[in-house]
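Here the structure is laid out as structure tokens; the discussion comes afterwards.
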Amino acid sequence: MQQIIENLNSLKKRIEIACIKAQRKPEEIKLLLATKTVSAENIKIALKHGESYIGENKVQELKEKFEALKELQHHKHFIGHLQKNKIKDLLNCQVSCVQSIDNFELAKMLDEKLKARDKKLDIYIQVNTSFEKSKFGVQPDEALALIEQIAPLEQLQIKGLMTIGLLSTQSEKVRDCFKLLKNTQVRIIQAAIPNVLMEELSMGMSQDLEIAIEEGSTMIRVGTFIFGQRIYPDAYYWNENA
Ligand SMILES: *Cc1c(COP(=O)(O)O)cnc(C)c1O
């Protein structure tokens, strides 16, 4: 328990130092706890310590932790690959944002299910900036067209973009991913599409959050640095076929 709080405190230091370097303010950067495989008990420690955003990759895990986390106010984001047959369960878990929308069919189905419940939902468009086949996300040069297609769906509010940077020790290659997401955001803002907000850039994880902050991230998604190593490889979460 103490470890999680210590880790959160050293993470805050990392964010502060990155912000000084980037001439930004720490308040500009939201911290989303990436809580896949993390127990509800451990998530609660972080929430009680003042954190307010969690992100899950699997609907099943959202369901399992739902009751235990109910008592603590927080925002739930979905950051994993969403299967169409899980939409109903997802909406039952009261998520406030789905960060992983990368195709129109999924958006349309989500919109229909929301309409039936008379509910709205924030979404980010996931962009594949590393061009790895194993990663989900729309290709950067197709993002604008996808957003134009999704924008008219009334129950969905596009709020920004999300990406997973290249997992690499070559920091310039990682930086290229984040620059590409930023450029994509700029192009979409210039297109001035009705009903589209581009305020959020969700990028940066345990290994690369400093680079992401330098390149304009407004939300970092951090798991390992706070909660420790996971037993499953991330490919299990990022690619169903893995
Ligand atoms: C697991 C995960 C993270 C956090 O990764 P860490 O390296 O553990 O900080 C961020 N975003 C997504 C989409 C994830 O699946």
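Please count how many residues of the range 88-138 are of a type outside the set (Val, Ile, Thr), in a loop (DSSP other than H, G, I, E, B), closer than 30 Å to residue 171 by Cβ and without any contact (Cβ under 8 Å) to a residue 60 or more places away in the chain. So the count comes out to 7. Considering only the range 154-182, state which residues are within 17 Å of the chain's Cα centre (by Cα) and more than 17 Å from residue 137 (Cβ to Cβ). Of everything in the range 154-182, those that are within 17 Å of the chain's Cα centre (by Cα) and more than 17 Å from residue 137 (Cβ to Cβ) turn out to be 156, 157.
Would you be able to say whether some residue in the range 46-57 is open to solvent by 10 Å² or more (accessible area, probe 1.4 Å) and farther than 26 Å from residue 210 by Cα? Within the range 46-57, not a single residue is open to solvent by 10 Å² or more (accessible area, probe 1.4 Å) and farther than 26 Å from residue 210 by Cα. Among the candidates 76, 12, the residue that is without any contact (Cβ under 8 Å) to a residue 24 or more places away in the chain and assigned to a helix (DSSP H, G or I) is uniquely 12. For residue 188, the stated conditions do not hold, so it cannot be described as part of a loop (DSSP other than H, G, I, E, B), in contact with a strand residue (DSSP E or B) (Cβ under 9 Å, 6 or more places away or on another chain) and either under 22 Å from residue 107 (Cβ atoms) or open to solvent by less than 60 Å² (accessible area, probe 1.4 Å) (or both).
Anything in the range 10-42 that is β-branched (Val, Ile, Thr), out of contact with any Pro (no Cβ under 9 Å at 6 or more places or on another chain) and within 14 Å of the ligand (Cβ to nearest atom)? List them, or say none. Across the range 10-42, the qualifying residues are 35, 37, 38. Among the residues of the range 40-58, the ones that are over 19 Å from residue 164 (Cβ atoms) and in contact with a Lys or Arg (Cβ under 8 Å, 6 or more places away or on another chain) come to 2 in all.
Residues that are among the hydrophobic types (A, V, I, L, M, F, W, C) and more than 16 Å from the ligand (Cβ to nearest atom) within the range 180-192 comprise 180, 186, 188, 189, 191, 192, listed in sequence order.
For residues in the range 193-242 being more than 9 Å from the ligand (Cβ to nearest atom) and β-branched (Val, Ile, Thr), which is surrounded by the most Cβ atoms within 10 Å (Cβ to Cβ)? Per the stated criteria, the residue is 213. When we screen 158, 87, 164, 147 for residues that are more than 16 Å from the ligand (Cβ to nearest atom) and either under 21 Å from residue 236 (Cα atoms) or touching a Pro at 6+ places or on another chain (Cβ under 7 Å) (or both), the only hit is 87.
The values are calculated or read from the model by the stated rules, or taken from the named source; none is laboratory data. Model, not experiment: these values are computed from the prediction. Here the Cβ is made from the backbone with ideal geometry for all residues, glycine too, and neighbour counts use every protein chain on show. Accessible surface areas use protein heavy atoms only, side chains included; no ligands, DNA or RNA. Shrake-Rupley method; radii C 1.70, N 1.55, O 1.52, S 1.80 Å.
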